[in-house]
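The values are calculated or read from the model by the stated rules, or taken from the named source; none is laboratory data. None of these values were measured; they are calculated from a predicted model. No Cβ is skipped: glycine too gets one built from the backbone with ideal geometry, and neighbour counts run over all protein chains shown.
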């Protein structure tokens, strides 16, 4: 019984020591906050380049650099600021979707890598062919 109490006490002491050596969170943090992470274009005409700007703010206390922004396919082109975003500043990541030759629904991701970690943005919608223009009326003489 004594050895059981001694073993249990040793385990509790070890856990207490481990808990005291854990790092406390730093006051200096990088936080990238997007107004929204998904945009639905709904319906677009085939051939259009659909564009949306994802607005973000550095809500942390450290400057943030977007080290890489890439799309899940070649039909989507992201454009992003290359300079550091200071705490409290806002900017945008512009996503352009080329619908030429791509009728039907689409769902594309944009992967953002920064000092604040990795985040995913999404664009989606439906590409339809341009409606045909009405043909000249046929005139029948009776």
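Only residues that are surrounded by 19 or more Cβ atoms within 10 Å (Cβ to Cβ) and part of a strand (DSSP E or B) were counted in the stretch 94-118, giving 6. Taken together, the residues in the stretch 60-88 that are over 30 Å from residue 127 (Cβ atoms), surrounded by 15 or more Cβ atoms within 10 Å (Cβ to Cβ) and touching a strand residue (DSSP E or B) at 6+ places or on another chain (Cβ under 6 Å) amount to 3. Kindly provide the set of residues from the stretch 28-39 that are within 17 Å of residue 109 (Cα to Cα) and loosely packed, with under 12 Cβ neighbours inside 10 Å, ordered by number. Within the stretch 28-39, 35, 36 meet the criteria.
Would you confirm whether or not the stretch 76-87 contains a residue that is more than 15 Å from the chain's Cα centre (by Cα), over 30 Å from residue 130 (Cβ atoms), in a strand (DSSP E or B) and modelled with pLDDT of 95 or more? Taking every residue of the stretch 76-87 in turn, at least one turns out to be more than 15 Å from the chain's Cα centre (by Cα), over 30 Å from residue 130 (Cβ atoms), in a strand (DSSP E or B) and modelled with pLDDT of 95 or more.
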